[in-house]
Amino acid sequence: MNTLPPELHAYICEFACTDDGETIRALRSVSRYFQEVAKPYLYRTVSASDEKQVTGLLERLESTPPHLRYIKNLFLASPDVLHPSNAVDPQKLMRIITLAAPTLQTLSFVVHTHLASTSLIARLFRTSFPHLRALIVSGFYPFPSSVGKFPRLQSLHLLGNRNPHGLFQMSTLEDACPALTHLRISGLGAAGLFVYELEEALRSEVPGEDDECVIPSRVPPSVKRITVQAGPEPAVDGGSRATNTTILKDMVMVAQLEMLKTRKVEEGSGVRLTVLDRALAPISVEALRTDWLDTLA
């Protein structure tokens, strides 16, 4: 190793940035020499999922020169549902997002504190990400609508809005994500209106099947695959009890999704739809982190 030039050592460090950051941190502990070589790669891939981690990460980023905090892959989570007072400070989350946004290529943003999730995700969707290609958002999300904020985004996974009715209307998704090819929507519940909207959007692709309506629904022309999945069955005992109406609406939605499974797509007609089996439990923060690791650039 001592005979190799620094350029090759730097190349090794770059290849070590394909996990959550553990490998590059281990390389820095090898020697003072590797500590210096690895400096530009230290923040290529970072993950923080509690108040202590987020605070520490923000302090390090703010004290690091811009050319040494090139962040390529980022996982941020504030998952504390039961104790919102212990959740991550929203301002710290957004400060990290602001510092990382110019260079990010993959981002997973998990905000399960209900009172803060919608406003935080709305701020995220108003932030410009010129190089982002894969985004996972988990929380009670609004729809991305700001024009040109995600010019290169190809993969979008939305989770946390049980009935995202309106997502395929008014061309907001298309305006915000003009390069989007893969869209996944998870955690649906009693979402009959959304499923009907999705059916209508898919029908609009087929000549002669475009129904007239006040607010037409359509799939963005760049999208090639849509994946949808129902969330867990509504609770019927213990905790928050679902009403009979909610249970009935959920059953109707599941029946609609089963019918969508039989939808046939003509060769060359565009969008492929995948309807996954209902999730047996809410998707955990760790599972979302695993999904993020699978997207790393």
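The values are calculated or read from the model by the stated rules, or taken from the named source; none is laboratory data. Since this is a predicted model, take the numbers as computed values, not measurements. Please note: Cβ atoms are built from the backbone with ideal geometry, for glycine as well, and neighbour counts cover all protein chains shown.
Only one of these is at pLDDT below 95 and either within 22 Å of the chain's Cα centre (by Cα) or in the same structural domain as Thr118 (by TED's automatic domain parsing) (or both): Ser204, Ser186. Name it.
Ser204 is the lone residue from the list that is at pLDDT below 95 and either within 22 Å of the chain's Cα centre (by Cα) or in the same structural domain as Thr118 (by TED's automatic domain parsing) (or both).
With respect to Leu104, is the statement that it is at pLDDT 90 or above, within 23 Å of Ala287 (Cα to Cα) and not basic (Lys, Arg) true?
Values: at pLDDT 90 or above: yes; within 23 Å of Ala287 (Cα to Cα): yes; not basic (Lys, Arg): yes.
Criteria met by Leu104.
Do we have any residue at all in region 216-229 that's at pLDDT below 95, over 22 Å from Arg152 (Cα atoms) and not in a helix (DSSP H, G or I)?
There is at least one residue in region 216-229 that is at pLDDT below 95, over 22 Å from Arg152 (Cα atoms) and not in a helix (DSSP H, G or I).
Give the number of residues within region 252-297 that are surrounded by 15 or more Cβ atoms within 10 Å (Cβ to Cβ), modelled with pLDDT of 85 or more and not in a helix (DSSP H, G or I).
7
Being modelled with pLDDT of 90 or more, part of a loop (DSSP other than H, G, I, E, B) and under 24 Å from Pro221 (Cβ atoms) is true for just one of Leu135, Leu167. Which residue is that?
Step by step, each of Leu135, Leu167 is checked, and only Leu167 is modelled with pLDDT of 90 or more, part of a loop (DSSP other than H, G, I, E, B) and under 24 Å from Pro221 (Cβ atoms).
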